[in-house]
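Undergrad: Take a look at this one; I'll ask things after.
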C-alpha cells in the first residue's frame, strides 16, 4: 500500500535542502516509506543502526560514509541516504550536524526513529534549522481513499469501502495487521510489537528498569481511554509515587504508545483547568465500544493536526472542553490559536444534537460543530460547508481529513 507520506518526501526534496525526519511509532511504516525514496534517485543507501556493519560505519564518522557513498563524484541526481533508528546512537545529533554541514550540497538525508527524535536534547549541538520533521501516523480513513499530498486542509467527502472501514476499526491502522485482515496474525503481531516496545525500545533507550510495572500502567491505560488522567489513582494501583507515574506516562508518550489532550480554557466560564484526557495511538487495543469510537476519532484528529502543521498550512492543536458543571464536548481543533471546529463523538446515532455543541460553539466562536456518529451510512456531502451544529456520519467526516 502506498502512503500519503511518500509524496511528501518527493515534495520535500524538490523544495528544501534540510534533512527529512520521519518520526512515529514502531511498525507504523517509517522504513517502508523511506525506502520509497529509491524512485527519486539513481543512488540510494540505507543504513540501519540496528545492523552491526552499518553501526560500525556510522561510528567511524561522516567522512567514511562520504567515501562509501562516493559523494565526491559528479552526478545527475543527488544520492539519498537513510539513517534508520540512529537516535539510539548517543552522539547522533553531533553526527548528523557534522554530516549535514559538510555534505548538504552533495546528498539528501532521511532520518527515521521509533521514539520522538527530540527527547534526547541533553547537551550537544542543536539541529535547529537543519531538518523538517514529519510525524508518521497509522493509516486513516482518508488515507485509504487517496495518497496524493493534499493542497488544502479539507478534502472532498468520499465513501470508504465498508470492508476497509471495518478492518480499520477491528485491526487498527498499523499497516501489517490492517492489510492482512486476519485475526490470528493480528494477535501475534500485537504481542510481538508490545514485547519489542517495552522489552527493547523503552528498556534500552529510557533506562527504566521497572519494565513489568510500566507494562501494568500501559494495560491500565487501555481501560482509561477518553478519561481524565488521574495520576494518584494510577500510583495507588501500582504502588509507586505520583512522580514516578508522571515520568512513566511521559515515556509512554515519547514512544508513541499514548497521547494526551489538554482542556481548552479560553472563553469558557468555570472551565476545567488541569487534567488532560488520554488516548492510545492504537485504538484497536480498546475493548469498550464507546471509548474505542472516541479514541478512533481522536487518533484521526491528531494525525490531521500533525500533518497540517508539518506541511506548513498553519499551527494546529487539539483540545477538549469541559467545565466544572461537567458539560463537555469531546474535541476542539484550533488553527493558529483560534477555535476552528468542535467534534462530539457518538457510537450510536441519536435524533438530537448534544446541546453542548451549541453552547460551546457560541462561547468559542468555532466555525463548525459536528456530532459524528458511527451507525449512519456515509454520504458524499461536504460537512465543512455547514456552520450550524450538525449530525454527520463518521466515515463522511473522517474522509475529509488526512
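The values are calculated or read from the model by the stated rules, or taken from the named source; none is laboratory data. It should be emphasised that the depicted structure is a prediction, and the values quoted were computed from it without experimental measurement. Reconstructed Cβ throughout: ideal geometry from the backbone, glycine too, with neighbour counts over all protein chains shown.
Undergrad: Say whether the condition of being closer than 26 Å to residue 345 by Cα, assigned by TED's automatic domain parsing to the domain that holds residue 254 and touching a residue at least 12 places away in the same chain (Cβ under 8 Å) is met by at least one residue in segment 192-204.
TA: no
Undergrad: Taking only segment 48-100 into account, find how many residues are outside any helix (DSSP H, G or I) and either in contact (Cβ under 8 Å) with a residue 40 or more places away in the chain or under 32 Å from the mean Cα position of the chain (by Cα) (or both).
TA: Count: 17.
Undergrad: Taking segment 10-44 as the region of interest, how many residues are within 29 Å of residue 257 (Cβ to Cβ) and part of a strand (DSSP E or B)?
TA: Going through segment 10-44 one residue at a time, the tally reaches 5.
Undergrad: Within 15 Å of residue 8 (Cα to Cα), in contact (Cβ under 8 Å) with a residue 40 or more places away in the chain and buried (at least 21 other Cβ atoms within 10 Å of the Cβ): does that describe residue 146?
TA: No; evaluated as a whole, the condition is false for this residue.
Undergrad: Any chance segment 334-345 includes a residue that's farther than 19 Å from residue 265 by Cβ, in contact with a strand residue (DSSP E or B) (Cβ under 6 Å, 6 or more places away or on another chain), outside any strand (DSSP E or B) and touching a residue at least 12 places away in the same chain (Cβ under 8 Å)?
TA: For segment 334-345, residues farther than 19 Å from residue 265 by Cβ, in contact with a strand residue (DSSP E or B) (Cβ under 6 Å, 6 or more places away or on another chain), outside any strand (DSSP E or B) and touching a residue at least 12 places away in the same chain (Cβ under 8 Å): absent.
Undergrad: Sticking with this structure for a sec: Is at least one residue of segment 285-299 at pLDDT below 95, in contact with a strand residue (DSSP E or B) (Cβ under 7 Å, 6 or more places away or on another chain), assigned by TED's automatic domain parsing to the domain that holds residue 383 and in a loop (DSSP other than H, G, I, E, B)?
TA: Among the residues of segment 285-299, not one is at pLDDT below 95, in contact with a strand residue (DSSP E or B) (Cβ under 7 Å, 6 or more places away or on another chain), assigned by TED's automatic domain parsing to the domain that holds residue 383 and in a loop (DSSP other than H, G, I, E, B), which makes the answer no.
Undergrad: Do the conditions hold for residue 104, that is, is it crowded, with 18+ Cβ neighbours inside 10 Å, farther than 20 Å from residue 38 by Cβ and assigned by TED's automatic domain parsing to the domain that holds residue 41?
TA: It is false that residue 104 is crowded, with 18+ Cβ neighbours inside 10 Å, farther than 20 Å from residue 38 by Cβ and assigned by TED's automatic domain parsing to the domain that holds residue 41.
Undergrad: Determine, yes or no, whether residue 395 is touching a residue at least 24 places away in the same chain (Cβ under 8 Å) and more than 20 Å from the chain's Cα centre (by Cα).
TA: No.
Undergrad: Somewhere in segment 137-149, is a residue modelled with pLDDT under 90 and touching a strand residue (DSSP E or B) at 6+ places or on another chain (Cβ under 9 Å)?
TA: Scanning segment 137-149, I find no residue that is modelled with pLDDT under 90 and touching a strand residue (DSSP E or B) at 6+ places or on another chain (Cβ under 9 Å), so the answer is no.
Undergrad: Would you confirm whether any residue within segment 308-329 is within 30 Å of residue 183 (Cβ to Cβ), at pLDDT 95 or above and either within 20 Å of the chain's Cα centre (by Cα) or surrounded by fewer than 20 Cβ atoms within 10 Å (Cβ to Cβ) (or both)?
TA: Looking for residues that are within 30 Å of residue 183 (Cβ to Cβ), at pLDDT 95 or above and either within 20 Å of the chain's Cα centre (by Cα) or surrounded by fewer than 20 Cβ atoms within 10 Å (Cβ to Cβ) (or both), one finds none in segment 308-329, hence no.
Undergrad: Taking residue 110 as the residue in question, decide whether it is within 30 Å of residue 376 (Cα to Cα) and modelled with pLDDT of 95 or more.
TA: Judged against the criteria, residue 110 is not a match.
Undergrad: Now for a different question. I'd like to know if segment 351-368 contains one or more residues that are more than 18 Å from the chain's Cα centre (by Cα), assigned to a strand (DSSP E or B) and surrounded by 17 or more Cβ atoms within 10 Å (Cβ to Cβ).
TA: Yes; the residues of segment 351-368 include at least one that is more than 18 Å from the chain's Cα centre (by Cα), assigned to a strand (DSSP E or B) and surrounded by 17 or more Cβ atoms within 10 Å (Cβ to Cβ).
Undergrad: Next question, about the same structure. Give 365, 349, 386 a once-over and let me know the one that is over 23 Å from residue 276 (Cβ atoms) and at pLDDT below 95.
TA: Of the residues listed, the single one that is over 23 Å from residue 276 (Cβ atoms) and at pLDDT below 95 is 349.
Undergrad: Can I ask one more? Identify all residues within segment 212-265 that are part of a loop (DSSP other than H, G, I, E, B) and either touching a strand residue (DSSP E or B) at 6+ places or on another chain (Cβ under 7 Å) or surrounded by 14 or more Cβ atoms within 10 Å (Cβ to Cβ) (or both); write none if there are none.
TA: Within segment 212-265, 224, 225, 226, 227, 229, 230, 240, 255, 256, 257, 264, 265 qualify.
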